[in-house]
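Colleague: Have a look at this one.
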Amino acid sequence: MSQLYTRRKSVFIAGTAILAAVVVVLDQMTKMAGLKIPFTPPLTFLKFDALGIPMLLSYFLFGFLSGAITSAVAWFSISFRDPFSGFMKFLAEFSTIMGVYLVLRARRPTSNMWKGLAMLSGIMVRVIVMAVANVLLLPLFTTTTIEFVLAWLHLISIFNIIQGAISVFGGFLVYEAVILRLPSLRAK
């Protein structure tokens, strides 16, 4: 019993550390290479990236705590450049994980309906959390006015729907590929 617990704990720590490192490297690489794609004028501060995929993969493979840790590592990594952006990225991806968790906490997905519901929940929780966060925090920490945020909230929400879909669908696809090849990693 003790050996099994130690092995699972070791796999959790190693897997979480590897995926957190992937998040940092992916963030730095896409930033330096200019691969973060701006959304649309006048909202060019919103950028599409693939950072959410390893964060969601961390959750799917190793559980909620692992997803939270990789999200926090992204926060710290991005905060070296821009603390506010780091926090907003953390909030966006963590709320996506939380939305997926709300559906999957009772059971692992046994059908495509549960997977679809979990994906939809992740995206919708992200959109709601980020709408509130943008209205409350953008005027406080940037030169953006509350009128600007309210006027463009529909586009901010569209951005979060697209970015949330990239994170959730990408995370599920990579998870399914990993589980096909390494079934011993399937979360219990």
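Colleague: Which residues, taken from the range 27-46, are surrounded by 11 or more Cβ atoms within 10 Å (Cβ to Cβ) and either of a type in the set (Ser, Thr, Tyr) or under 19 Å from residue 97 (Cα atoms) (or both)?
Modeller: 27, 30, 40 - these are the residues of the range 27-46 that are surrounded by 11 or more Cβ atoms within 10 Å (Cβ to Cβ) and either of a type in the set (Ser, Thr, Tyr) or under 19 Å from residue 97 (Cα atoms) (or both).
Colleague: I'd like to check something: does the range 33-55 contain any residue that is among the aliphatic types (A, V, I, L, M), out of contact with any helix residue (DSSP H, G or I) (no Cβ under 7 Å at 6 or more places or on another chain), more than 22 Å from residue 173 (Cα to Cα) and modelled with pLDDT of 90 or more?
Modeller: Among the residues of the range 33-55, at least one is among the aliphatic types (A, V, I, L, M), out of contact with any helix residue (DSSP H, G or I) (no Cβ under 7 Å at 6 or more places or on another chain), more than 22 Å from residue 173 (Cα to Cα) and modelled with pLDDT of 90 or more, which makes the answer yes.
Colleague: Run residue 57 past the list (1) within 19 Å of the chain's Cα centre (by Cα); (2) closer than 30 Å to residue 145 by Cβ and report the number of the one that doesn't hold.
Modeller: It is condition (2) that residue 57 fails.
Colleague: Follow-up. Inspect the range 103-119 for any residue being among the hydroxyl-bearing types (Ser, Thr, Tyr) and buried (at least 17 other Cβ atoms within 10 Å of the Cβ) and give the result as yes or no.
Modeller: The answer is no, given that none of the residues of the range 103-119 is among the hydroxyl-bearing types (Ser, Thr, Tyr) and buried (at least 17 other Cβ atoms within 10 Å of the Cβ).
Colleague: Quick one: which helices (runs of 4 or more DSSP H) lie wholly within the range 79-188 and hold at least 2 residues that are hydroxyl-bearing (Ser, Thr, Tyr) and touching a residue at least 12 places away in the same chain (Cβ under 8 Å)?
Modeller: The qualifying helices (runs of 4 or more DSSP H) are 83-104, 146-181.
Colleague: So is residue 79 small (Gly, Ala, Ser), under 12 Å from residue 168 (Cβ atoms) and surrounded by 15 or more Cβ atoms within 10 Å (Cβ to Cβ) or not?
Modeller: no
The values are calculated or read from the model by the stated rules, or taken from the named source; none is laboratory data. Since the model is a prediction, treat every value here as computed from it, not as a measurement. Cβ: placed from backbone, ideal geometry, glycine included. Neighbour counts: every protein chain shown.
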